[in-house]
Amino acid sequence: MYLLKALEGSIELGLLYVLMALGVYISFRILDFPDLTVDGSFTTGAAVSAVMITYGYAPFIATFSGFLAGAAAGTITGLLHTKGKINNLLSGIVMMIALYSINLRIMGKPNTPLFGESTVFSAIPDGYFLFIVPIVIVIFKLILDAFLHTDIGFALRATGDNQRMIRSFGVNTDSTIILGIALSNGLVAMSGALVAQYQGFADISMGVGMIVIGLASVIIGEAIFGHKTVFRATLAVLLGAIVYRMVIASALQLNMNAEDLKLITALIVVAALILPKIQKSIGQKRKMLERIKEVNSTVDSKGRDINA
Amino acid sequence: MLEINHVTKLFNANTVDEKLALSNVNLNLAPSDFVTVIGSNGAGKSTLMNIISGVLKPDDGNVKIDGVVVNKLHEHQRSKWIARVFQDPMAGTSPNMTIAENLSIAYLRGHKRTLKRGLNKEKKLYFKEQLERLGIGLENRLNANVGLLSGGERQALSLLMATFTKPKILLLDEHTAALDPSRAELISNLTEKVVKEFNLTTLMVTHNMAQAIQLGNRLIMMDKGQIIMDIPPSKKKGLTVEDLLHEFAAIKGEELNDDRVVLG
């Protein structure tokens, strides 16, 4: 029973992290832009929504404001990279550090509790969480899919794929990069807003390591569920975020120290990045050996072609 | 159609690496001219292409399209009129998108991109018709990722994507050089076909002298940042590789010496 409860909790939390994982998917996979802003923007979304809720704003407006705040942060990262010509990793890091101070300013203190406040989840009747939230998350996924199949979506995807090509067809890649990073961080921040409302507080350090968790979700999802099409890839990311939470919950169930979680996450990412490469090179080697056998079988011991 | 007036490009001015890539170059292309450009390494061919497409800005002089000076326009802004096929077959397409999606991107050259759906039945049918022009069976693989295509197939697709919206100017930058001979010939023939069908004003850089002679109605030779030879349509017919080499020797007082030039 206890285990089941823990599992349920991890799925609930996983669902809220799906938007963050989709955000990381946009920057990391679609734009090929390893954007570290998310460590800061996740907290920004949480901070903005928590503060607004304590000031009496409607939770939905507060959550959407979190999205906008994240998108604004992403826009600045995009501007730093495209107009400021700063390396993409560095623009994200700079923004992440800047956001730490900004997030403190937003909250005025390192922690904003939401106990007793009504949140977006207050609207959900007891026991319907795992019914309503998945539907909402899937709707978000489908909207993202649809967006990625519009003309602007095509331009965005091509920007990550081949900048030179998409420029030669009249797309300003600076704009598509800024748009993509803004959208990515908007989703990450909204995820932060949801997590804060779910756990009952926003905390200055809640975004630490978020990029790696996002990456872990994306990579685990892709490895298990495949990513041939956009539809499949976003589905994989969605499920990956939930699987990741379940893995972490299981690790905790096995009496693993909570302090080691980040280390485990890092190890999962490393393994997920390296294993497919090893698998591939083994496969290639085997194919080559087969081919060598094949080629050798057509010549006799003196090197003459036996078919000739 | 395309005018290049007194264009000069000086790289690394006032340093030991200073290089005069283009020196007071003038070139005027009439509508539906198909000009082939030859010249040794460092002659300024690529710089010329980059100046026309907007990748580089001239240090002096100007570029006019249809009588309008475009010096200040960026590459993506000029792409409304100028299409380009690169030497690298990977450069002209987006590998992780399908053939249909790539064509859809190309289809909107010069148009605003909105939140409309990128593909629909009508468009797919149109793309299928266009792909049939290539005659290599791509019309049956609309939903295949471009990354799965061979170099030759990708270059054929790049050529179609560059041309089927009928741009004012087509720039071909040694677009057959990275292909094996049979593929190169296929692309070469396709180029001739689409340029004629769409009636495009074309500038083609090549290292293959025979190709330069075979294609187009006008041939220019560049050397050390200048156009040293301009063979008009009237004289281009019947031109041979020997004529070109002879002419070069006569102009420069030295033999054409470049490992990359393919004579034949």
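Of all the listed residues (A:S41, A:S49, A:S27), the sole one being in contact (Cβ under 8 Å) with a residue 40 or more places away in the chain, buried (at least 24 other Cβ atoms within 10 Å of the Cβ) and more than 19 Å from A:I204 (Cα to Cα) is A:S27. Is there a residue being touching a strand residue (DSSP E or B) at 6+ places or on another chain (Cβ under 9 Å), hydrophobic (A, V, I, L, M, F, W, C) and modelled with pLDDT of 90 or more anywhere in region B:52-60? Scanning region B:52-60, I find at least one residue that is touching a strand residue (DSSP E or B) at 6+ places or on another chain (Cβ under 9 Å), hydrophobic (A, V, I, L, M, F, W, C) and modelled with pLDDT of 90 or more, so the answer is yes.
Search region B:131-155 for residues being in contact with a helix residue (DSSP H, G or I) (Cβ under 6 Å, 6 or more places away or on another chain) and part of a helix (DSSP H, G or I), and hand back the single one that is surrounded by the fewest Cβ atoms within 10 Å (Cβ to Cβ). Across region B:131-155, the extreme among qualifying residues is B:E132.
Of all residues in region B:9-38, those that are in a strand (DSSP E or B), farther than 21 Å from B:I169 by Cα and of a type outside the set (A, V, I, L, M, F, W, C) total 4.
Scanning region B:199-216 finds no residues that are at pLDDT 85 or above and over 30 Å from B:I136 (Cβ atoms). Entry remark, region B:65-116: residues being assigned to a loop (DSSP other than H, G, I, E, B), at the interface with chain A (Cβ under 7 Å from one of its Cβ atoms) and touching a residue at least 24 places away in the same chain (Cβ under 8 Å) number 11 in total.
Taken over region A:167-198, the criterion of being out of contact with any Lys or Arg (no Cβ under 9 Å at 6 or more places or on another chain), farther than 16 Å from A:A71 by Cα and within 14 Å of another protein chain (Cβ to nearest Cβ) is satisfied by A:R167, A:N172.
In this structure, is A:G84 closer than 13 Å to A:I178 by Cα, crowded, with 20+ Cβ neighbours inside 10 Å and at pLDDT 95 or above?
Here the answer is no, as A:G84 does not meet what is asked.
Within this structure, A:G160 passes the test of being surrounded by 21 or more Cβ atoms within 10 Å (Cβ to Cβ), closer than 16 Å to A:D35 by Cα and within 13 Å of chain B (Cβ to nearest Cβ). Taken over region B:1-34, residues that are of a type in the set (F, W, Y) and either farther than 15 Å from B:K224 by Cβ or crowded, with 19+ Cβ neighbours inside 10 Å (or both) amount to 1. Can you confirm whether region A:62-72 contains a residue that is over 29 Å from A:I11 (Cβ atoms), surrounded by 15 or more Cβ atoms within 10 Å (Cβ to Cβ) and away from every other protein chain (no Cβ under 14 Å)? Yes, region A:62-72 has at least one match. When region B:47-64 is filtered for residues that are within 28 Å of B:K252 (Cα to Cα), within 14 Å of chain A (Cβ to nearest Cβ) and not β-branched (V, I, T), the ones remaining, listed by number, are B:M49, B:N50. Of the residues making up region A:85-112, those that are in contact (Cβ under 8 Å) with a residue 40 or more places away in the chain, within 18 Å of A:S49 (Cβ to Cβ) and in a helix (DSSP H, G or I) number 7.
Scanning for something among the hydrophobic types (A, V, I, L, M, F, W, C), in a loop (DSSP other than H, G, I, E, B) and touching a helix residue (DSSP H, G or I) at 6+ places or on another chain (Cβ under 9 Å), does region A:64-84 turn up at least one residue? So far as region A:64-84 goes, no, none of its residues is among the hydrophobic types (A, V, I, L, M, F, W, C), in a loop (DSSP other than H, G, I, E, B) and touching a helix residue (DSSP H, G or I) at 6+ places or on another chain (Cβ under 9 Å).
For region A:201-298, which fully contained helices (runs of 4 or more DSSP H) count at least 2 residues that are polar (S, T, N, Q)?
A:230-253, A:261-296
Residue-wise test of (1) in the same structural domain as A:I26 (by TED's automatic domain parsing); (2) crowded, with 19+ Cβ neighbours inside 10 Å; (3) at pLDDT 95 or above; (4) touching a strand residue (DSSP E or B) at 6+ places or on another chain (Cβ under 6 Å).
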residue: A:I178; (1), (2), (3), (4): yes, yes, yes, no
residue: A:S184; (1), (2), (3), (4): yes, yes, yes, no
residue: A:V188; (1), (2), (3), (4): yes, yes, yes, no
residue: A:G192; (1), (2), (3), (4): yes, yes, yes, no
residue: A:Q197; (1), (2), (3), (4): yes, yes, yes, no
residue: A:M210; (1), (2), (3), (4): yes, yes, no, no
residue: A:I213; (1), (2), (3), (4): yes, yes, no, no
residue: A:I224; (1), (2), (3), (4): yes, no, no, no
residue: A:T229; (1), (2), (3), (4): yes, no, no, no
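In summary, B:G151 fulfils each of the numbered conditions (1) at pLDDT 95 or above; (2) more than 11 Å from chain A (Cβ to nearest Cβ) with the single exception of condition (1). Here B:E192 fulfils each of the conditions (1) surrounded by fewer than 20 Cβ atoms within 10 Å (Cβ to Cβ); (2) more than 26 Å from B:A43 (Cα to Cα) apart from (2). Selection of region B:117-129 for residues being crowded, with 19+ Cβ neighbours inside 10 Å and either assigned to a helix (DSSP H, G or I) or not hydrophobic (A, V, I, L, M, F, W, C) (or both) yields B:G118, B:F127.
When you scan region B:35-45, do you find a residue that is surrounded by fewer than 18 Cβ atoms within 10 Å (Cβ to Cβ), modelled with pLDDT under 90 and away from chain A (no Cβ under 12 Å), even just one? Yes, some residue in region B:35-45 is surrounded by fewer than 18 Cβ atoms within 10 Å (Cβ to Cβ), modelled with pLDDT under 90 and away from chain A (no Cβ under 12 Å).
The values are calculated or read from the model by the stated rules, or taken from the named source; none is laboratory data. Here the structure is a predicted model, which is why all the values come from computation and not from measurement. Positions of Cβ are backbone-derived with ideal geometry, glycine not excepted, and every protein chain shown enters the neighbour counts.
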